[in-house]
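See below for the structure under consideration.
The values are calculated or read from the model by the stated rules, or taken from the named source; none is laboratory data. In this text the structure is predicted, and so the values were computed from the model without any measurement. Because the Cβ atoms are built from the backbone with ideal geometry, glycine has one as well, and the counts that use them run over all protein chains shown. Note: areas computed on protein heavy atoms with side chains; ligands, DNA, RNA excluded. Shrake-Rupley method; radii C 1.70, N 1.55, O 1.52, S 1.80 Å.
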Amino acid sequence: MKIHRLNLNSRIGLLTAVLLAMGATARSGDTLTLKDAFKDHFYVGAAINRTIATGTAVRADNVNRTSEQVNKDIALVKEQFNQTSPENDLKWALIHPRPGADGYNFGPADAYVDFGVSHNMYIVGHTLVWHGQTPNWVFQGTNLPPGVADAPSPATAAATNMAGTNMPGGRRFGRGFGGGFSGPRASREELLQRMRDHIHTVVARYKGKIKAWDVVNEAIADGGTNILRNSLWLEIIGPDFIAKAFEYAHEADPDANLRYNDYGLENPAKRRKLIALIKSLQEQHVPVMAIGSQTHVNVSSPSFEAEDQALTEMETLGLPIHITELDVNGAQGGQRSSSADISNNAATTQGGLVDDANRKLADAYAGLFRAFVKHDKSVKLVTFWGVNDRVSWRAQGRPLLFDGNDQPKPAFEAVIRAAKGEQPNPR
Ligand code: GLA
């Protein structure tokens, strides 16, 4: 086909492709940014990876961006967001990979905090105590795990477990990042001491800069009747590991906003457990100051009504609610599994029509933001888990407002309309 015979649609398509290739923005000058659209309601933020925090095309967090792409990502973050969270670099395995005072790796975390300070953002720390992405040494000691009769010598066990292989009789806690330790364990006192040292060191380093901390992440069990999930924190310390973590964080920075953070709170049964847990912490005067609802959801659920209900119930606790890790998987049934493993969560839109997927995503986001705005007396912050679809942990589900070229998708417009109290775009 000769070029002059292209019909109008093809010519528009061609022009768009050329503009995108040139890096031109599709946002018109008078389009509101997210942070401005919601400035009377809540902070709007994004989790950033190491490439953005350091401004370099390093290969990190499963992200592979060129320098040019990183610069565009940074420009987008500065333009749209007034809050930021670290996708990985403040997790224990990254900031404190080895025992001892010199076992810390502060470089990437410092870069993250400097990024937030220099762009005048509300900076979040994520996360202090979690069953995932925590190195084996944290739990290691000389006490045999329950049910292990003939353990190998501590030296053999240590070598085995640092290689990530389970011992006989051992169990795994959380798949994915670093949850496989089952060798001889620390005592309660040793683990509390390690937890306290870690929390004091990390929180104190960023005191006054990091304004809110996810002190404990994902302690609630998904199914069954137990409130707490099985983890080495629970097995070794006991259920008061949560209270202790909050106490230590409060000692280290009395002004920091301390959050309990979890996923699946759209599910009524899990939400009941959250409410029971937080009430019990409040009765014990534990300094838990905000609820973090991750909100890794999908296009089919929750509806506006379901999210409205979830927020109504959670706000009975009398605490601010932070939407801490928002993304909407573009595939049906792509709800977050119990694993943080990317490959387990990459449900896809492949095979679907892109326009249809975009419309469903826009509708889902519109419903969520209508609910957030309705509850803005308690919803104080909304963080997207990633900047654009390409760098998302659920990249194949295209779960965010911006595509891999940092161009806004229809969901972006839908969210802006929700800020203005307008209904979704008529079709
Ligand atoms: C959980 C954690 C986040 C992140 C996601 C998956 O939600 O809180 O830090 O690891 O899983 O990327």
With respect to Arg259, determine if the residue is among the basic types (Lys, Arg) and more than 16 Å from the ligand (Cβ to nearest atom). no
Taking interchain pairs and intrachain pairs at least six residues apart, which have beta carbon atoms under 8 angstrom, with the first residue in segment 89-115 and within 11 Å of Ala53 (Cα to Cα) and the second within 16 Å of the ligand (Cβ to nearest atom) and among the hydroxyl-bearing types (Ser, Thr, Tyr)? Asp89/Tyr112; Tyr112/Thr84; Phe115/Thr84
Considering only residues that are out of contact with any Gly (no Cβ under 8 Å at 6 or more places or on another chain), farther than 21 Å from Ser301 by Cβ and not charged (D, E, K, R), look in segment 365-390 and name the one that is surrounded by the most Cβ atoms within 10 Å (Cβ to Cβ). Val387
Any idea which of Ala245, Ala310 is within 16 Å of the ligand (Cβ to nearest atom) and aliphatic (A, V, I, L, M)? Ala245
Selection count, segment 269-301, where residues are crowded, with 20+ Cβ neighbours inside 10 Å, away from the ligand (no atom under 16 Å from the Cβ) and farther than 18 Å from His250 by Cβ: 2
Can you tell me which residue among Val328, Val382, Val387 is modelled with pLDDT of 95 or more, among the β-branched types (Val, Ile, Thr), within 16 Å of the ligand (Cβ to nearest atom) and in a loop (DSSP other than H, G, I, E, B)? Val387
Only residues in segment 288-307 that are more than 11 Å from Leu368 (Cβ to Cβ) count as the first member; pair them with residues that are among the basic types (Lys, Arg) and within 15 Å of the ligand (Cβ to nearest atom), Cβ under 6 angstrom, at least 6 apart or cross-chain, and list the lot. Ala290/Arg259; Gly292/Arg259; His296/Arg336
Selected residue (only one of Ala249, Ala219 is within 23 Å of Ala269 (Cα to Cα) and aliphatic (A, V, I, L, M)): Ala219
Which fully enclosed strands (runs of 3 or more DSSP E) of segment 66-145 have 3 or more residues being more than 24 Å from Asp240 (Cβ to Cβ) and either within 16 Å of the ligand (Cβ to nearest atom) or touching a Pro at 6+ places or on another chain (Cβ under 6 Å) (or both)? 83-86
Do you know which residues across segment 282-311 are polar (S, T, N, Q), over 13 Å from Val216 (Cα atoms) and assigned to a loop (DSSP other than H, G, I, E, B)? Gln284, Thr295, Ser300, Ser303
Failed condition for Gly333, given (1) at pLDDT 95 or above; (2) open to solvent by 10 Å² or more (accessible area, probe 1.4 Å), with all others met? (1)
Quick one: would you say Trp233 is surrounded by 15 or more Cβ atoms within 10 Å (Cβ to Cβ), in a strand (DSSP E or B) and within 16 Å of the ligand (Cβ to nearest atom)? no
Filter segment 181-223 for residues that are open to solvent by 10 Å² or more (accessible area, probe 1.4 Å) and within 16 Å of the ligand (Cβ to nearest atom) and give the result. Ala221, Asp222
